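Comments concern the structure below.
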2 protein chains.
Amino acid sequence: METLETRELRYFVAVAEELHFGRAAERVGVAQPPLSRAIQQLERRLGVTLLERDRRGVSLTAAGEVLLHEGRAALDAATAAVRRTRRAAGGADGRGGPGGPDGSRERLVLAVKAGAFHELLQRLLDAYAAEPGAAEIEVLPSGTCEQEAMLRDGRADVALMHKPFNSLAGFDSEELTTEGQIAILPAGHPLAARETLTLADIAGIPGLPLARWPRNGVFPPGPGPEVDDQTQLAQLIALGRTAAVFPETARAWLWAEHAAVPLTDAPPVVTHIAWPAHSRSLALAALVRTATRLAPPAAA
Amino acid sequence: METLETRELRYFVAVAEELHFGRAAERVGVAQPPLSRAIQQLERRLGVTLLERDRRGVSLTAAGEVLLHEGRAALDAATAAVRRTRRAAGGADGRGGPGGPDGSRERLVLAVKAGAFHELLQRLLDAYAAEPGAAEIEVLPSGTCEQEAMLRDGRADVALMHKPFNSLAGFDSEELTTEGQIAILPAGHPLAARETLTLADIAGIPGLPLARWPRNGVFPPGPGPEVDDQTQLAQLIALGRTAAVFPETARAWLWAEHAAVPLTDAPPVVTHIAWPAHSRSLALAALVRTATRLAPPAAA
DNA sequence: ACCCTGTGATACCCGCCGGGTATCACAGCC
DNA sequence: GGCTGTGATACCCGGCGGGTATCACAGGGT
């Protein structure tokens, strides 16, 4: 079984994503003719038609679609391999048998959604630092729902994730906490005076459309303003231009001009600690243990 | 970020597994000097010492250990990509938009532990075949606990797994059934007359050591005979030379010379249907739906 | 009808790098 | 001290990945 080189996968993924040889060539940093040839060779070697070249434009075949998904996963795994290897050697200089206490502190990269988890994160870091032989934790703020990609490609070793928003598929995880959701409104808005709200209450309010976040780089369609980070969002809410729905612990970053009202029918948000399934790090295991001890799911 | 070529990963994994350049070179099909050079280049490019060359023998550094694990995962992902791409094109000739009903039947490879699941499997295949638009299911018998590797490297698309024995880490899965375990003994053995047994009862019987299976290619230490498949095991039991512990449904393949006695304190065995986390196949989703409908976990 | 534009494919050349053989350097070991 | 077996080094060569120039062809403007 011949196995594809990552170069070939990079090339194909670029073409499959751009659906344009010229742009793809520029992206991977080669000229267009070699790219064309590489894809042709790849198709010959696989014995599979991956692209439908319909003069003026390229489209993926079903097999091409499969290779796009699988190839992305393989490339992530490859870059994860080099990242994690470098990191393993970084602090520990590469010597000393695995698991042996050689005095060097392991390092773990923890990905968290920027702006969330203020208190839970603080308690976790404090409690873990007190553990004997604790690794050094580097907190890596991630964009919206980007933790999954960070775990996959090795930028992070472990992540805190929010269940309905993040997908835990492909990772090991432990449940930490469950919380309700609140609506965050401009302080002066009529609804801000209510004790509780429902999703229906805030769904179609004229003049107060819910803000939209980019998902996988694109904004979902809708009337609300497009925001990239919480600061933008907070400002727009303070200005009375939009509203948003967040987990309860988002109260931590509320402004004076904000009002928070519990939502009775919003799905609960479950916080998990997640890590790559094949991880073998002892430091990671200790961190997970600390986390579950600190915040047992529900009342376990 | 330069990304390793799969060739380099193959080379390194070979050396890391063999801990011997000569044998590794033979395994990957090149001469030894190019292999040495490739590893040196790899270490230079990563800026990391992966191997400790201590004249007369090679050993892994901590970083090397990491790259071995991560590299295996990446290689599995790469070979899975080509296998699944070829399979996607196999039946469907590569044409027809994804998801479009183009008349060609999708094919799914289902990995099952050889010899297990007689009735559950039969019912599942029958029920699924009756579904409209069902894919063609190819049943792939796997060795002991080999289903995980088969899912990872693309030899299979979906698998039936036994919970305490298989690890579901890294896969999506749904629970199907739970069953107790039974001791399988020679029919004439004194213990075979008992109504129930405990693990302690059969643990240290003189002259009747429990058989040992290879785990990851090596046999765990112990007094029992080493067996590779169920036929060998069945014969040894019938001959009164050994005993074994199995899920209840193993009654299906009992011989006349066998006796089965329930174990009261053995951990229950949970059967799952599992698949790669990033799978997007509609046919697979239908199969999973059929399976959960057919065998709801406990009494859901 | 014309050319211009933009697409991907082809033709051709070149330099580099992966692979081979021959050999070395060194540590055990009879 | 020679023999064996290890990995590293030296050197050469062929193939292949990459570049430039060009082609073939479909639209679309006027």
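The values are calculated or read from the model by the stated rules, or taken from the named source; none is laboratory data. Please read these numbers as outputs of a predicted model, since none were measured by experiment. No Cβ is skipped: glycine too gets one built from the backbone with ideal geometry, and neighbour counts run over all protein chains shown. Areas reflect the complete protein model, heavy atoms only, side chains present, ligands, DNA and RNA absent. Shrake-Rupley method; radii C 1.70, N 1.55, O 1.52, S 1.80 Å.
Taking the range B:21-32 as the range and being open to solvent by 80 Å² or more (accessible area, probe 1.4 Å) and near DNA strand D (Cβ under 8 Å from one of its atoms) as the test, the residues that pass are B:Arg23, B:Gln32. Among residues of the range B:138-155 that are assigned by TED's automatic domain parsing to the domain that holds B:Ser173, those with a Cβ under 7 angstrom from a residue that is hydroxyl-bearing (Ser, Thr, Tyr), sequence gap 6+ or separate chain, pair up as B:Glu148/B:Ser167; B:Met150/B:Ser142; B:Asp153/B:Thr79; B:Gly154/B:Thr79.
With respect to B:Ala127, is the statement that it is closer than 22 Å to B:Leu282 by Cβ, part of a helix (DSSP H, G or I) and more than 14 Å from every other protein chain (Cβ to nearest Cβ) true? The answer is yes for B:Ala127.
The requirement of being among the charged types (D, E, K, R) and touching a residue at least 12 places away in the same chain (Cβ under 8 Å) is fulfilled nowhere in the range A:283-292; no residue meets it.
Reported count of residues in the range B:1-20, each being part of a helix (DSSP H, G or I) and open to solvent by less than 30 Å² (accessible area, probe 1.4 Å), is 9.
Scanning the range A:163-185 for residues that are touching a helix residue (DSSP H, G or I) at 6+ places or on another chain (Cβ under 8 Å) and within 14 Å of chain B (Cβ to nearest Cβ) gives A:Asn166, A:Ser167, A:Gly170, A:Phe171, A:Glu174. Against the numbered list (1) facing another protein chain (nearest Cβ under 8 Å); (2) open to solvent by 50 Å² or more (accessible area, probe 1.4 Å), B:Ala88 comes up short only at (2). Is it the case that A:Leu121 is modelled with pLDDT of 75 or more and closer than 30 Å to A:Thr231 by Cα? So A:Leu121 passes the test. The residue list B:Gly133, B:Gly115, B:Gly99 contains one member that is in a loop (DSSP other than H, G, I, E, B), in the same structural domain as B:Asp153 (by TED's automatic domain parsing) and either modelled with pLDDT of 85 or more or surrounded by fewer than 15 Cβ atoms within 10 Å (Cβ to Cβ) (or both), which is B:Gly133.
For the range A:163-218, a residue qualifies if it is outside the structural domain of A:Arg241 (by TED's automatic domain parsing) and at positive phi, and exactly one does: A:Gly170. Within the range A:9-46, the set of residues being over 17 Å from A:Glu65 (Cβ atoms) and more than 10 Å from DNA strand C (Cβ to nearest atom) comprises A:Arg10, A:Glu26, A:Arg27, A:Val28, A:Gly29, A:Val30, A:Gln41, A:Arg44, A:Arg45.
With respect to (1) closer than 29 Å to A:Ala88 by Cα; (2) of a type outside the set (S, T, N, Q); (3) loosely packed, with under 14 Cβ neighbours inside 10 Å, the lone exception for A:Ala203 is condition (1). Taking the criterion of being assigned to a helix (DSSP H, G or I), within 14 Å of chain A (Cβ to nearest Cβ) and not charged (D, E, K, R), the residues of the range B:21-45 that qualify are B:Val28, B:Ala38, B:Ile39, B:Gln41, B:Leu42.
The residues on offer are A:Glu43, A:Glu70, and the sole one that is within 14 Å of DNA strand D (Cβ to nearest atom), of a type outside the set (A, V, I, L, M), open to solvent by less than 60 Å² (accessible area, probe 1.4 Å) and under 25 Å from B:Leu108 (Cβ atoms) is A:Glu43.
I need the full set of residues from the range A:54-67 which are within 16 Å of DNA strand D (Cβ to nearest atom) and either away from chain B (no Cβ under 13 Å) or in contact (Cβ under 8 Å) with a residue 24 or more places away in the chain (or both), in order please.
Scanning the range A:54-67 gives A:Arg55, A:Arg56, A:Gly57, A:Val58, A:Ser59.
Taking the range A:53-70, which residues are of a type outside the set (S, T, N, Q) and more than 10 Å from DNA strand C (Cβ to nearest atom)?
Within the range A:53-70, the first condition is being of a type outside the set (S, T, N, Q), and the residues that meet it are A:53-58, A:60, A:62-70.
Of everything in the range A:53-70, those that are of a type outside the set (S, T, N, Q) and more than 10 Å from DNA strand C (Cβ to nearest atom) turn out to be A:Leu60, A:Ala62, A:Ala63, A:Gly64, A:Glu65, A:Val66, A:Leu67, A:Leu68, A:His69, A:Glu70.
Contact map, the range A:173-188: residues that are in contact (Cβ under 8 Å) with a residue 24 or more places away in the chain and within 21 Å of A:Ala203 (Cα to Cα) paired with residues that are assigned to a loop (DSSP other than H, G, I, E, B) and open to solvent by 40 Å² or more (accessible area, probe 1.4 Å), Cβ distance under 6 Å, separation 6+ or inter-chain. Pairs shown: A:Gly180/A:Pro268; A:Ala187/A:Glu257.
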